[in-house]
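Asker: Please find one structure pasted underneath; my questions will follow.
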Amino acid sequence: PVALYIVPTPIGNLQDMSPRAVEVLEQVALIACEDTRHSGKLLKHFGISTRTTALHDHNERARAQWIVEQLASGHAVALISDAGTPLISDPGYHLVTHVRAEGYNVVPLPGPCAAITALSASGLPSDRFSFEGFLPSKEKARLDKLTELKEDPHTLIFYESPHRIAYSLEAIAKVLGEDRQIVMAREVTKTFETFLTGGAAEVLERVKADDNQQKGEIVLMCHGFIATDEEGIPAVAMETLKLLSEELP
Ligand code: SAM
């Protein structure tokens, strides 16, 4: 059926491509790719010969109208990004909004996403979390952003580039505190998959001491803020104590 299909692709391990993703990409008339050359390799690997077109941050608004015209003439379209789920720190938002506004169906396929995959193995609270994408690259903006998040009780998830990881860890240690619990997931689903855990200052030291930790793709996660009283006792512990003491003779 005519629709815009949102199709996740592997974040490092080709085996993570779902059979349904392959089928949809084979059957649509057109695949909008963040980078046609990059995706060409993936499509070739799966023997998919569907026509492709580029849709990236710089042409997305103009392209969206053209894609709606394709849908109007009865052609189903799929959207993929370089890796993982489109729209998650990747292009697609304007396209999906426009296609919906024009009254066409948008059909999502579930699949790889670095943030969710990393979180699931992090050992950090996963009942509530906040996906923050990339921290700003300018130092002032980065510190402001972290200040805004300082007392957020939810697990924080960031995407990070290898050449900025040390700066970000430094900023996190400075603003969120040296002891804030960190999980750094690197090269998830790939050969050199690594999880580094510890306080912010400790993880920073380990990253600085080992160049290999500054390579590849990284998801950085921070434990949420734990409110404490003046004596450092978590507010939740005090509440439990209060409830218990009401029950005691
Ligand atoms: N749309 C993608 C998704 O669903 O995960 C994310 C695209 S974003 C432009 C790329 C960032 O995702 C990388 O800089 C890195 O922070 C993270 N990332 C992607 N693949 C990863 C992997 N295999 N291991 C760790 N982080 C990864």
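Asker: Quick one: which residue in GLU187, GLU132, GLU202, GLU160 is among the acidic types (Asp, Glu) and more than 12 Å from the ligand (Cβ to nearest atom)?
Answerer: The match here is GLU202.
Asker: With the requirement that a residue be exposed (fewer than 13 other Cβ atoms within 10 Å of the Cβ) and within 21 Å of ILE88 (Cβ to Cβ), what does the stretch 1-24 give you?
Answerer: LEU14, GLN15
Asker: Also, I was wondering about something else. Since PRO1 meets every condition but one in (1) in a loop (DSSP other than H, G, I, E, B); (2) touching a helix residue (DSSP H, G or I) at 6+ places or on another chain (Cβ under 8 Å); (3) modelled with pLDDT under 95; (4) not small (Gly, Ala, Ser), which condition does it not meet?
Answerer: Evaluating PRO1 over (1) in a loop (DSSP other than H, G, I, E, B); (2) touching a helix residue (DSSP H, G or I) at 6+ places or on another chain (Cβ under 8 Å); (3) modelled with pLDDT under 95; (4) not small (Gly, Ala, Ser) leaves (2) as the failure.
Asker: Now a separate question. I need the full set of residues from the stretch 101-123 which are buried (at least 17 other Cβ atoms within 10 Å of the Cβ) and more than 15 Å from the ligand (Cβ to nearest atom), in order please.
Answerer: TYR104
Asker: Out of everything in the stretch 175-220 that is assigned to a loop (DSSP other than H, G, I, E, B) and small (Gly, Ala, Ser), what residue ends up being farthest from LEU119 (Cα to Cα)?
Answerer: GLY177
Asker: Given the conditions (1) under 17 Å from the mean Cα position of the chain (by Cα); (2) over 29 Å from VAL24 (Cβ atoms); (3) in contact (Cβ under 8 Å) with a residue 12 or more places away in the chain, and given that THR147 satisfies all but one, which numbered condition is not satisfied?
Answerer: Only one criterion is unmet by THR147, namely (1).
Quick grid of which residues meet (1) surrounded by fewer than 21 Cβ atoms within 10 Å (Cβ to Cβ); (2) of a type outside the set (Ser, Thr, Tyr); (3) not in a helix (DSSP H, G or I):
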residue: GLU26; (1), (2), (3): yes, yes, no
residue: ILE31; (1), (2), (3): no, yes, yes
residue: ASP57; (1), (2), (3): yes, yes, yes
residue: GLN65; (1), (2), (3): yes, yes, no
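Asker: When you scan the stretch 136-157, how many residues do you find that are within 14 Å of the ligand (Cβ to nearest atom) and in contact with a strand residue (DSSP E or B) (Cβ under 6 Å, 6 or more places away or on another chain)?
Answerer: 2
Asker: Between a first residue in the stretch 196-220 that is over 22 Å from LEU124 (Cβ atoms) and a second residue that is of a type in the set (S, T, N, Q) and in a helix (DSSP H, G or I), which pairs have beta carbons less than 9 Å apart while being 6 or more apart in sequence or on different chains?
Answerer: Matching pairs, first to second residue: LYS208/GLN214.
Asker: Count, please, the residues in the stretch 191-241 that happen to be more than 30 Å from the chain's Cα centre (by Cα) and modelled with pLDDT of 85 or more.
Answerer: 1
Asker: When you scan the stretch 48-70, do you find a residue that is more than 18 Å from the chain's Cα centre (by Cα), under 21 Å from GLU217 (Cα atoms) and at pLDDT 95 or above, even just one?
Answerer: Looking for residues that are more than 18 Å from the chain's Cα centre (by Cα), under 21 Å from GLU217 (Cα atoms) and at pLDDT 95 or above, one finds none in the stretch 48-70, hence no.
The values are calculated or read from the model by the stated rules, or taken from the named source; none is laboratory data. Quantities reported herein were computed from a predicted structural model and do not represent experimental measurements. Counting neighbours? That spans all protein chains shown, and the Cβs are built from the backbone with ideal geometry, glycine included.
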